[in-house]
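We did not get these values from a lab; they are worked out from the coordinates using the rules stated. On a predicted model such as this, the values are computed, not experimentally measured, just so you know. Here the Cβ positions follow ideal geometry from the backbone for every residue, glycine too, while neighbour counts run over all protein chains shown.
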Amino acid sequence: MSRRSLYAAALLFAACTIQGCAPPANTDISSAATPDADTIDRVLESPATTQLAASFLRSQQPPINENSPLLHRTGDNVTVYATNLEFATDPQSALQNAGTPSYIAVPVRIAPRTDPDTIQLTPTPPYTPRAIATGTEESQAAQSLPPNAHLLLDYPSHTWFAWTQTQVTAISSSTNPNMNGQEFDTNQFKQWLTSR
């Protein structure tokens with residue numbers, strides 16, 4: 001797993017521990033609404049996001065001491081779903097319940113940095129900024145999504161999937177690169193989740 005992934009996972013784990021991120025039962029693939037660009041821009045201009053970005057800059061090597069960083073969105077936001085363990089253990093659960101909204105990834109530039117980064121927002125209003133990770137891994141994974149597919153992340157294996165009502169397709173995996181392109185139906189995906 002990359003250093004960026006470990007850092008983002010640690011921040012996300014800490015946020016989930018504090019806020020409680022247990023997936024709700026019977027999560028539906030269409031349950032999370034994606035905020036529009038104007039809503040995202042307002043969140044990026046908020047004091048909470050500015051404070052988070054300043055902290056992120058100080059965490060870089062070498063540290064950047066900037067208390068009022070400038071942020072602007074550099075692409076479309078994408079809702080990231082996390083694999084739902086309740087789906088894997090419930091024999092009656094349909095594939096539409098394979099994931100639960102985890103966060104919204106927004107690709108940004110944070111001046112004075114020149115490389116793009118990703119701000120992670122809570123998946124529901126008020127879309128609170130939760131973490132910042134270097135790079136735009138989510139946006140890159142989302143480029144492989146076919147129409148009507150959602151981006152699904154299995155945290156333990158750091159595997160990205162394209163997820164629809166009827167199929168799950170592996171996009172990339174940090175632990176098993178040979179999975180790329182592998183397709184799963186409901187039962188196959190349950191088996192994979194319980195055996196990985």
Report, by residue number, each residue of the range 158-174 that is free of Cβ contacts under 8 Å to residues at least 60 places away in the same chain and surrounded by fewer than 18 Cβ atoms within 10 Å (Cβ to Cβ). S172
Note: among R130, R196, just one is on the phi < 0 side of the Ramachandran plot, among the charged types (D, E, K, R) and surrounded by 18 or more Cβ atoms within 10 Å (Cβ to Cβ), namely R130
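Could you please find all residues in the range 175-187 being in a helix (DSSP H, G or I), surrounded by 14 or more Cβ atoms within 10 Å (Cβ to Cβ) and out of contact with any helix residue (DSSP H, G or I) (no Cβ under 6 Å at 6 or more places or on another chain)? So that I can check it myself, show each step before the final result.
Initially, the range 175-187 is screened for residues in a helix (DSSP H, G or I), giving 177-179, 186-187.
With the extra rule that they be surrounded by 14 or more Cβ atoms within 10 Å (Cβ to Cβ), the set shrinks to 179, 186.
Hit for the range 175-187 is M179, nothing else.
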Can you tell me which residue in the range 143-196 is nearest to D76 (Cα to Cα), limited to those that are of a type in the set (D, E) and touching a Leu at 6+ places or on another chain (Cβ under 8 Å)? D154
